[in-house]
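In what follows, a structure is listed as structure tokens, so that the remarks can point back to it.
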Amino acid sequence: MKSILSARIGALMCFLAISFLGITTNAQTYCTPAYFQGCVFGNEINDFYLTGESPTAISDAATGCSMTGGGVGGGYDNRTGESVTLLPGHTYTVSVDDGGFTAITAGTDNFQIWIDFNNDGTFDASESIGGGALPLGTGALTSFTITIPAGVPTGTRRMRACVSPIEAYPNVNPCPTTLVDVQGETHDYTAIIGTASAGCGVPTGLAASSVTSTSAILNWAEPGGSVGSEYVVSTTASAPTGSGAQTTALTYSPTVLTPSTVYYAYVRDSCGPGNFSAWVSTTFTTTATITTSCNPVVLNTPGSITTTSAVISWTAVPGSTGYVYVVDNSVTPPGSLGGTFTTLTSATVTGLTAGTTYYAHVYDSCAVGSESLWSTISFTTLTSSGCNAVTSLTATGITSSAATINWTMASGVSWAEYVIDMTATDPTISGTANNASTYNATGLTAATTYYAHVRDSCGVGSLSAWVTIPIVTLSTTGLNNVAPGDFNVSVFPNPVKDEVSVKIIGTTNEGKISLMDISGKLMKTAVTNASSNTLNISMSGMPSGIYLVRYIDAGHTQTIKITKE
């Protein structure tokens, strides 16, 4: 056994000596990475994506672990046949994952990328262009921003990307050796450092038209010899430092803009790979007028939920011209009407974090500049640890001082924890244990917004993410205790089928009427005054159930519960 071990060590030292001599005797011969165990344990570059200057890109998918490249345990893949054109002073995005080794569920790898700008056969620390921590074992893409320094020489250069569980960014070793780097993988690619062509003519006639609160139409003309254009629309007054969206059309219509906002539109011509004109620009300001006369969206329970994705869907709204959705971590709908536009009634959301509660917000557009209010629903991604969040969290039987909270625990879970407070963010304390999947909250304050937080408990130290819903208690003032001639709000018919009437008596103030579902989510609003004290609110298309009608003015507040048949 001792002689076999000595032989192996001797072979290893011989290999390292040969590698070292290869590095020092020929400056243009790049070092060959050598890992002791290679990438057999999942520390690999499985997917690598880098979009450069149009139309160049590296889309290196599912390459797996190289067990034969490099020395000893493998872990090196020479992929210099894959190339991309990059420009000095520009910023790009590289996305990478480590393949998702199923035996490992926690921790991080470290990713770093270099370009040999001075073409001397080595990757110096000053030639590192980006990197960072890479989640270990998830198989999820992680994106990093890389910047090509201004003033670097043009030409074809070698680009190296490394994944290592040993060194942390920005100190990953670009030339791994078996004595230090036990595990990891290295890929080499080709980077073509280009330059904007002085002969590439600039676009002309760039102008914005048909500007509304959320959209505009951009048009321009291209010079001769053009193979397409790139455009960027932003709120930044300086020209882009990276690439724009590619198009061969001479028009673009942004449709998810924010009202009352100054935008800058930039367009440049492309006359060949890596050859671009200077940016030309125009500016426009979206209008402030937004109406919310459209019917709101009725959301379905999110489905196909995984650790990193989910499908949100909704019922089609008659007369709709499209929908806008936002998925974030806030129970409160977005402050503006920006988001992702679609004419479909579903959307697949990806790139999510495992074991995290998200909120899907959707609104309907029924005409230019006319939108509904946001509709919101929550969902929680699955966790890699197995402790999944509760589902179907609802509040029923809401009165001025009480509400019943109900939920469904994940499969195999014996109990959950709940917290009732007045804060929308996740609790920082442990909740009260409950194995009945229901809780009757009492002693609440009238006309107040509360938040119910519930999470699954899968054992000691194993908890799911919190799931949260708002609860708005009713007012203590109702129709039964309002004397004749005093202030009075009446709602009829109740139950209602298609349209409800709200009548206000005993005030000359301008007031606001809000229609909410039982969880407190705002559905519609209207304004009253002395000359118009009766309003009709359409509830056509809304699902059956309990709703709240709230009236507020300078001297009164009243909430009435109604039933939609």
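Values as computed for the structure displayed
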{"read-out": "Qualifying residue in the stretch 268-283 (condition: modelled with pLDDT of 85 or more, outside the structural domain of A347 (by TED's automatic domain parsing) and in contact with a Ser or Thr (Cβ under 7 Å, 6 or more places away or on another chain))", "value": "yes"}
{"read-out": "Positions within the stretch 248-264 being free of Cβ contacts under 8 Å to residues at least 40 places away in the same chain and not in a loop (DSSP other than H, G, I, E, B), in sequence order", "value": "T251, Y252, V262, Y264"}
{"read-out": "Counted residues, the stretch 426-463 - those being closer than 16 Å to A410 by Cα and at pLDDT below 85", "value": "4"}
{"read-out": "Answer from V180, V152, V172 - the residue that is touching a Ser or Thr at 6+ places or on another chain (Cβ under 6 Å), among the aliphatic types (A, V, I, L, M) and not assigned by TED's automatic domain parsing to the domain that holds G274", "value": "V172"}
{"read-out": "Filter result for T332 (in a strand (DSSP E or B), loosely packed, with under 15 Cβ neighbours inside 10 Å and in the same structural domain as V317 (by TED's automatic domain parsing))", "value": "no"}
{"read-out": "Matching option when the condition is on the phi > 0 side of the Ramachandran plot and among the hydroxyl-bearing types (S, T, Y), among S437, S401", "value": "S437"}
{"read-out": "Unmet criterion (only one of (1) more than 21 Å from G75 (Cα to Cα); (2) at pLDDT 90 or above; (3) hydroxyl-bearing (S, T, Y)) for S128", "value": "(1)"}
{"read-out": "A446 in contact (Cβ under 8 Å) with a residue 12 or more places away in the chain, surrounded by fewer than 17 Cβ atoms within 10 Å (Cβ to Cβ) and over 23 Å from T376 (Cβ atoms)", "value": "yes"}
{"read-out": "Subset of the stretch 206-259 (residues that are at positive phi and modelled with pLDDT under 80)", "value": "S210, G225"}
{"read-out": "Matching option when the condition is among the aliphatic types (A, V, I, L, M) and in contact with a Cys (Cβ under 7 Å, 6 or more places away or on another chain), among V163, V182, V172", "value": "V172"}
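Per-residue answers, yes or no, for (1) at pLDDT below 90; (2) surrounded by fewer than 16 Cβ atoms within 10 Å (Cβ to Cβ):
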site: I290; (1), (2): yes, no
site: C294; (1), (2): yes, no
site: P302; (1), (2): yes, no
site: T306; (1), (2): yes, yes
site: T315; (1), (2): yes, yes
site: P318; (1), (2): yes, yes
site: Y325; (1), (2): no, no
site: T345; (1), (2): no, no
site: V349; (1), (2): no, no
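The values are calculated or read from the model by the stated rules, or taken from the named source; none is laboratory data. These figures come from a predicted structure and were not determined experimentally. Ideal geometry is used to build each Cβ from the backbone, glycine not excepted, and the neighbour counts take in all protein chains shown.
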